[in-house]
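The values are calculated or read from the model by the stated rules, or taken from the named source; none is laboratory data. In this text the structure is predicted, and so the values were computed from the model without any measurement. Quick reminder, even Gly has a Cβ in these numbers, built from the backbone with ideal geometry, and neighbours come from all protein chains shown. Side chains are part of the model used for accessible areas, which takes the heavy atoms of the whole protein and leaves out ligands, DNA and RNA. Shrake-Rupley method; radii C 1.70, N 1.55, O 1.52, S 1.80 Å.
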Amino acid sequence: MKKPAPQDPPALERRAQPGRIRAFVLAVVVHAAFFALIVFGVTWQSRPAPPVQAELWDKLPPTKAETKAPPKAVEPPPEPPRPEPPKPEPPKPEPPKPEPPKPEPPKPTPVKSGPPKPDPEIALKAEREKKLREKLEVEKREKEKRERLERQKEDLAKKRREEDDAKKKREQEDLAKKKLEDDKRRQDEEIAKREAERVRAAAAAAKQSEIDSYVEKIKAKVRGRANVPDTVTGNPQVQVRIRILPGGDVLDIAITRSSGNPAYDSAIERAIRSAQPLPVPPPNSELFPQFRDLNLQIRHER
């Protein structure tokens, strides 16, 4: 018989979570305490202030000394005796009044026949003063004009002097600047020239050193191929002119200065022919033209 398959637990069944009720109760308590705190704070802040009472007095209350003994009445001092009025004197007789002076008869007013004639002296004096004032005014204006012209001339001369000074200063500055530039350019040219000469000298020295190296190689190869007879004594020296083709082959040999020993000269000529191709620079090298027509001095050493 087959065993019955175990039934699965229902999907909606869940385990109870511990502490859930306790958390809910604590939350309710905290909210209630917070609400009570808010209500208490609002009630405490909205309490009205107590009223203030004041009493009004018509007079100050008596002190303790005044209530114990009333003050004594002060008697007024006696009045001094009044002096008796003076007796009236009898009236004096009035002096007689002087009679008023009689009015003077009115003076006859002169009849004006016309405007008064001006005094010629006053007119001449006024005319002279007027001419003098005009003359002084003219002289003053001319003097101011001359002073203004002189100031303008002085200002113009000063301005020209300042312009000339500024121009001379600029010219001097330009000359100084040009001189500095010329000196710097000459220095640069001298430096460049010396550097070029140094480079050329170094290149020439290197080139000559390389040429000498090839020449020594040619001499060493010729000496190695030379079959000098035993009859040659001393240190003979022969100068040979060699025309060399690209690659080192010898085109022609000519004795330009004999050693004085024909046997040695012939031996060196044979050695040159047997030593070809001679060790020369490559044909496309800038050194090879120096070896197209080569002069060699070969010294025999025993």
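Sort THR231, THR256 by accessible area with a 1.4 Å probe, largest first.
Result of the area sort, largest leading: THR231, THR256.
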- Segment ARG292-VAL29, extension gain: residue separation times 0.36 nm, minus the distance between their alpha carbons: 82.6 nm
- Subtracting the Cα-Cα distance of SER285 and ILE122 from 0.36 nm times their residue separation yields 45.9 nm
- Check: the range 228-302 dipole with +1 on Lys, Arg Cβ and -1 on Asp, Glu Cβ, in debye: 80
- Item | For the range 152-266, accessible area per residue (1.4 Å probe, heavy atoms of protein chains only), Å² | 76
- Message: Could you give the length gained by full extension between ILE21 and ASP164, i.e. 0.36 nm per residue of separation minus their alpha carbon distance, to one decimal place?
- Response: 40.7 nm
- Query: What are the ³J(HN,Hα) values, in whole Hz, obtained from phi via the Karplus relation 6.51 cos²θ - 1.76 cosθ + 1.60 with θ = phi - 60°, for each residue of the range 164-178 in sequence order, with x given for Gly and Pro?
  - Reply: 5, 4, 5, 5, 4, 5, 5, 4, 4, 5, 5, 5, 4, 5, 5
- Under 13 Å by backbone N from the virtual spin label 7 Å along Cα-to-Cβ at ARG225, the residues of the range 261-302 are 267-280
- If R0 is 45 Å, what FRET efficiency do you get for ALA254 and GLN187 from their C-beta distance, rounded to 0.05? 0.30
- Query: Taking square-rooted eigenvalues a ≥ b ≥ c of the alpha carbon gyration tensor, is the range 238-302 rounded, prolate or oblate, where a/c under 1.5 means rounded and, failing that, a/b exceeding b/c means prolate?
  - Reply: prolate
